[in-house]
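S.K.: After the structure tokens below, expect a handful of questions from me.
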Amino acid sequence: MSLANGRPYLAIPGPSVIPDRVLRAMHRGSPNIYEGPLIEMVASLFPDLRMVAGTTGHVAIYIGNGHAGWEAANANLFSKGQKALVLATGQFGLSWANSARAMGVEVEVLDFGKSSPVDMGRVEAVLRADAAHRIKAVLTTHVDTASSIKTDIPALRAAMDAAGHPALLAVDCIASLGCDEFHMDDWGVDVMVAACQKGLMTPPGMAFVWFSEEARQRCGKSDLATPYWAWGPRAEPEEFWQIWNGTAPTSHLYGLREALDMIREEGLPNVWRRHRVLAGAVWAAFDAWSAGNPAIGMNVADPAHRGWSVTAARFGAPHATRLREWCENNAGVTLGIGLGMAPSTDPAYHGFLRVAHMGHVNAHMTLGVLAVMEAGLHSLAIPCGPGALDAAIRAVAEGA
């Protein structure tokens, strides 16, 4: 017998749970896209998009997913043959490197593996060695969605400054925006990329690129910035259609407006704090489980280097896949696959999963996921330590 009948819960790292308020806001007929309320509403989005990024800089909106955001950033940052230094801490850092390389950018990758943070000393050394300043920009993920490793962006900026290198700093915040603390301007970030389907609680379909005035001035002559990807007309349009290079994604815009309202109502520092506490509850449960089974553990050993939106974990093959299937089929909870940890054809692939705690998520959602996982561990006779739920409950109680 299955206990999954009822409202399912999606605990994957994007698309995240869509709030009912956002769904209701999107459920409307197509508006006039030439004048009237839509144009006025869209104008209200830009101050709030700057607010969540922590910037007074420029914002360009694209119809697309996070990969579209990468391509937009690449197209404006580089001309063909210019060089990027990519700092990879998991699958998505490598994927951004591949995206740039496929567009004709020369890419040097510093790969720090699947469970280690960026070594700032190595970064500084590479930049010091680039005496000709061929590296146009340093690209990195704030939180890699696959590994859940968080990069210390202020420390990275300090390493770049210590090297005396003029490279621009571009950061992928797709998995962290609206979940993990971020201050684009204060941390010296020149270009920031995100999408709407994670911390911004809106169905997939929009990507965002924020860029500083310095980046605008230094990247104005890219030969990769075709009319569709060029960020200038989108950030400083003379006519409404130029924001999208065509028809606006109207339903998504109404949903985004509602999601940003929800973030403002809660207060962005409180949003960050909520994610931090819920992440801590997940980590506490894993600590307890792993005490009884060394095969169970979080991918990132040091909490300081873990993102607050998603936890990548191991259970030992084939138990992660067995647990994911049990949770979905028997309890209506969908966990994320262990992306990038092993090829899907490798038996080791079945030893990894991810638990998302991003966006529209609260204590009962997160505690419910953990309770279902524990039920699955017992049902499948997967060894684990006791006290996981008690530890998660304490983390929530103390955090609240």
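S.K.: For the range 194-206, take each phi angle, set θ = phi - 60°, evaluate the Karplus expression 6.51 cos²θ - 1.76 cosθ + 1.60, and give the result in whole Hz per residue in order, putting x for glycine and proline.
M.R.: Per-residue couplings from phi come out as 8, 9, 8, 8, 10, x, 8, 6, 10, x, x, x, 9 Hz.
S.K.: With the convex hull built on the Cα atoms of the range 101-210, state its orientation-averaged projected area in nm².
M.R.: 7.4 nm²
S.K.: Right, something else. What trypsin sites (Lys or Arg not before Pro) in the range 1-100 are in a loop by DSSP, with at most 14 other Cβ atoms within 10 Å of the Cβ?
M.R.: ARG28, LYS80
S.K.: Continuing with the same structure: May I ask you to list the trypsin sites (Lys or Arg not before Pro) in the range 294-400 that are in a DSSP loop and have at most 10 other Cβ atoms within 10 Å of their Cβ?
M.R.: none
S.K.: Length gain on complete extension for the stretch ALA400 to THR247, per 0.36 nm per residue less the alpha carbon to alpha carbon distance?
M.R.: 50.7 nm
S.K.: Right, here's the next one. Around GLY385, with a cut-off of 14 angstrom between Cβ atoms, what is the net charge of the other residues, counting Lys and Arg +1 and Asp and Glu -1?
M.R.: For residues surrounding GLY385, the net value is -3.
S.K.: Just the accessible area per residue of the range 117-266, please: how many Å² with a 1.4 Å probe?
M.R.: 35 Å²
S.K.: Enter the accessible area per residue of the range 291-364 (Å², integer; probe 1.4 Å; all protein chains in place).
M.R.: For the range 291-364, the per-residue accessible area is 39 Å².
S.K.: When averaged across all projection directions, what area in nm² does the alpha-carbon convex hull of the range 254-335 cover?
M.R.: Result: 7.2 nm².
S.K.: Now for a different question. For the chain, what does -39500 (n - 2.57) per DSSP helix run (n ≥ 4), summed and divided by total residues, give at 222 nm, in deg cm²/dmol to the nearest 500? Intermediate values should be presented prior to the final figure.
M.R.: Details: 13 runs with 163 residues, N = 400.
When only DSSP H runs of four or more count, the value is -13000 deg cm²/dmol.
S.K.: Report ³J(HN,Hα) in whole Hz for each residue of the range 271-285, in order, from the Karplus equation J = 6.51 cos²θ - 1.76 cosθ + 1.60 where θ = phi - 60°; Gly and Pro get x.
M.R.: 4, 4, 5, 4, 5, 5, 5, 5, 4, x, 5, 4, 5, 5, 5
S.K.: Where does each of LYS198, LYS114 land when they are ordered by accessible area, with a 1.4 Å probe and the largest first?
M.R.: Order by accessible area, largest first: LYS114, LYS198.
S.K.: Once you order the gyration tensor axes a ≥ b ≥ c over the Cα atoms, which shape class does the range 335-400 get: rounded for a/c under 1.5, otherwise prolate or oblate by comparing a/b with b/c?
M.R.: Numbers: a/c = 2.73, a/b = 1.52, b/c = 1.80.
Oblate, because a/c is 1.5 or more while a/b does not exceed b/c.
S.K.: Considering amide H positions built from the backbone, and no H for Pro or chain starts, which residues 5 or more places from ARG306, or on another chain, come under 5 Å of its amide H?
M.R.: Correct list: LYS150.
S.K.: Enumerate the calculated ³J(HN,Hα) couplings along the range 164-180 in order (Karplus 6.51 cos²θ - 1.76 cosθ + 1.60, θ = phi - 60°), each rounded to whole Hz, writing x wherever the residue is Gly or Pro.
M.R.: x, 9, x, 4, 6, 10, 10, 10, 7, 10, 4, 8, 10, 4, x, 10, 10
S.K.: For the range 175-328, what is the Kirkwood estimate of the hydrodynamic radius, computed as the reciprocal of the mean inverse distance between distinct Cα atoms, to one decimal in Å?
M.R.: Computed over Cα pairs of the range 175-328, the Kirkwood hydrodynamic radius comes out at 18.8 Å.
S.K.: While we're here: Among HIS133, HIS67, HIS275, which one shows the highest mean-square fluctuation when the chain is modelled as a Gaussian network with alpha-carbon springs under 10 Å?
M.R.: Ranking HIS133, HIS67, HIS275 by mean-square fluctuation puts HIS133 first.
S.K.: For q = 0.19, 0.24, 0.25, 0.31 Å⁻¹, what log10 I(q)/I(0) does the range 249-291 give under the Debye formula with an equal point scatterer on each alpha carbon and no solvent?
M.R.: Here log10 of I(q) over I(0) equals -0.67, -0.78, -0.81, -0.94.
S.K.: Identify the trypsin sites (Lys or Arg not before Pro) of the range 204-268 meeting these criteria: DSSP loop state and at most 11 other C-beta atoms within 10 Å of the C-beta.
M.R.: Answer by residue number: LYS221.
S.K.: Testing the spin-label approximation: label points 7 Å from Cα along Cα→Cβ at ASP119 and ILE33. State their distance in nm.
M.R.: 5.0 nm
S.K.: Expressed as a whole percentage, what fraction of the accessible surface of the chain belongs to carbon and sulfur atoms when a 1.4 Å probe is rolled over the protein heavy atoms?
M.R.: 54 percent
S.K.: Let me ask something else. Work out, in µm²/s and without decimals, the Stokes-Einstein translational diffusion coefficient of the range 1-135 at 10 °C, 1.306 mPa s, Rh from Kirkwood over C-alpha pairs.
M.R.: Here the translational diffusion coefficient equals 83 µm²/s.
S.K.: What is the range 155-290's relative contact order, in percent, from Cα pairs under 8 angstrom and six or more apart in sequence?
M.R.: Over the range 155-290, the number comes to 21 percent.
S.K.: Considering only the chain, what is the antiparallel percent among its DSSP beta bridges, to the nearest 5?
M.R.: Given both bridge residues lie in the chain, the antiparallel proportion sits at roughly 50 percent.
S.K.: Between the range 302-316 and the range 1-74, what is the C-alpha centre distance in whole Å?
M.R.: 26 Å
S.K.: In Å², what does the accessible area per residue of the range 1-71 work out to with a 1.4 Å probe?
M.R.: With the other protein chains kept in place, the range 1-71 gives 53 Å² per residue.
S.K.: How large is the convex hull of the C-alpha atoms of the chain per residue, in Å³?
M.R.: Looking at the chain, the number lands at 139 Å³ per residue.
The values are calculated or read from the model by the stated rules, or taken from the named source; none is laboratory data. As the structure is a prediction and not an experimental result, all values here were calculated from the model. FYI the Cβ positions are ideal-geometry reconstructions off the backbone, even for glycines, and counts take in every protein chain you see. Keep in mind that these areas ignore ligands, DNA and RNA; they rest on the heavy atoms of the full protein, side chains included. Shrake-Rupley method; radii C 1.70, N 1.55, O 1.52, S 1.80 Å.
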